[in-house]
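Visitor: The following block contains the structure, expressed as structure tokens.
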Ligand code: UDP
Ligand code: MG
């Protein structure tokens, strides 16, 4: 196998010099969602190939191109000729969650490792993940040990988000855990069996359960390019997470409605009493206008909140596929083994 194709001289893991360690039993698939990550993939793939070659008996790498407009397709056409490397190109940008779903569906491994293409997820963690998997842990997820590298607004927003997400009916979404994780085949099959379109992966990983273990890490700097998640996209993702996994906003709207109704009723009683016993009808212009505006605002917010949930239901009932594939390159090792056997 020639895995030195486009290998950078400074690659950390060089299979020529690496000694083979007692290999991991079973096949390991690595899925990498990538959106305009040509420069990063060119660095990541040689390092990852060498690492997997060193640690695993059988492995595959699947790059899911989430509608890249850069030179990713050209790069991957070359890489897909290498044994074990596969390329799935989606027809447009469907978002990272859909790309991960495509990767999970394509993966044949007994364990699947999901990692970003931008080198922020340190490869050095992978051997530890593999060892924990061999010891019987079904899901090993990497958790950021701190967020000091992020702007304070993002840190505060993240903390608030996890706080709001806390009421997930027995499902505990671990804070600061992302998509960088190893999953046993059982976990992958459970995730694939979930029919929902709104894929809030962090929530789904927690929902399926299984024996899970956290592995702290410090994310590295993005090697090339900038993050795809700007403020509004993160806000959208947070809204998806909250509406897909909690119903407390609806309950809150109901409680607010009941509270205001009770207060209005009491105020109404007071006004009637005042009219009957005192007879001095107040001019009341300010009160009426303020109350009207306030309740109109509360009504609109409540409608918006309910609308969010109806939007989710609409997405679900349409039942569209999560993604559309344009092309697949590279052959699955499991399928090839089956073909050879028959
Ligand atoms: N990504 C993707 N589709 C998108 C956005 C991002 O497949 O629409 C991929 C991206 O190429 C990278 C990973 O998801 O491999 C994480 O994205 P990014 O680094 O932009 O996010 P951050 O690390 O800032 O959370
Ligand atoms: Mg990143």
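Visitor: Taking the range 44-97, which residues are touching a helix residue (DSSP H, G or I) at 6+ places or on another chain (Cβ under 6 Å), within 13 Å of ligand 1 (Cβ to nearest atom) and part of a loop (DSSP other than H, G, I, E, B)?
Guide: Answer for the range 44-97, where residues must be touching a helix residue (DSSP H, G or I) at 6+ places or on another chain (Cβ under 6 Å), within 13 Å of ligand 1 (Cβ to nearest atom) and part of a loop (DSSP other than H, G, I, E, B): 66, 70.
Visitor: Still on this structure: Quick check on this structure: which one of 219, 249 is surrounded by 10 or more Cβ atoms within 10 Å (Cβ to Cβ), within 16 Å of ligand 1 (Cβ to nearest atom) and either touching a residue at least 40 places away in the same chain (Cβ under 8 Å) or over 27 Å from residue 162 (Cα atoms) (or both)?
Guide: Result: 219 is the single residue among 219, 249 that is surrounded by 10 or more Cβ atoms within 10 Å (Cβ to Cβ), within 16 Å of ligand 1 (Cβ to nearest atom) and either touching a residue at least 40 places away in the same chain (Cβ under 8 Å) or over 27 Å from residue 162 (Cα atoms) (or both).
Visitor: Can you tell me which residue within the range 211-240, out of those that are more than 21 Å from residue 146 (Cα to Cα) and more than 18 Å from the chain's Cα centre (by Cα), is modelled with the highest pLDDT?
Guide: Ranking the candidates gives 211 first.
Visitor: Right, another one. Condition check: within 16 Å of ligand 2 (Cβ to nearest atom), surrounded by 12 or more Cβ atoms within 10 Å (Cβ to Cβ), part of a loop (DSSP other than H, G, I, E, B) and on the phi < 0 side of the Ramachandran plot. Does residue 150 satisfy that?
Guide: Considered against the rule, which asks whether it is within 16 Å of ligand 2 (Cβ to nearest atom), surrounded by 12 or more Cβ atoms within 10 Å (Cβ to Cβ), part of a loop (DSSP other than H, G, I, E, B) and on the phi < 0 side of the Ramachandran plot, residue 150 comes out as yes.
Visitor: When the residues of the range 201-234 are narrowed to those that are part of a helix (DSSP H, G or I), within 16 Å of ligand 2 (Cβ to nearest atom) and touching a strand residue (DSSP E or B) at 6+ places or on another chain (Cβ under 9 Å), which ends up farthest from residue 173 (Cα to Cα)?
Guide: 201
Visitor: Do we find a residue being closer than 30 Å to residue 70 by Cβ, surrounded by fewer than 17 Cβ atoms within 10 Å (Cβ to Cβ) and within 16 Å of ligand 1 (Cβ to nearest atom) anywhere in the range 236-244?
Guide: The initial filter retains those residues of the range 236-244 that are closer than 30 Å to residue 70 by Cβ, namely 236-241.
Among the residues that remain, those that are also surrounded by fewer than 17 Cβ atoms within 10 Å (Cβ to Cβ) are: 236, 239.
Narrowing further to those that are within 16 Å of ligand 1 (Cβ to nearest atom): 236.
Yes.
Visitor: Mind checking which residues of the range 120-131 are over 16 Å from residue 109 (Cα atoms), more than 16 Å from ligand 2 (Cβ to nearest atom) and touching a strand residue (DSSP E or B) at 6+ places or on another chain (Cβ under 7 Å)?
Guide: Of everything in the range 120-131, just one residue is over 16 Å from residue 109 (Cα atoms), more than 16 Å from ligand 2 (Cβ to nearest atom) and touching a strand residue (DSSP E or B) at 6+ places or on another chain (Cβ under 7 Å), namely 128.
The values are calculated or read from the model by the stated rules, or taken from the named source; none is laboratory data. Please read these numbers as outputs of a predicted model, since none were measured by experiment. Quick reminder, even Gly has a Cβ in these numbers, built from the backbone with ideal geometry, and neighbours come from all protein chains shown.
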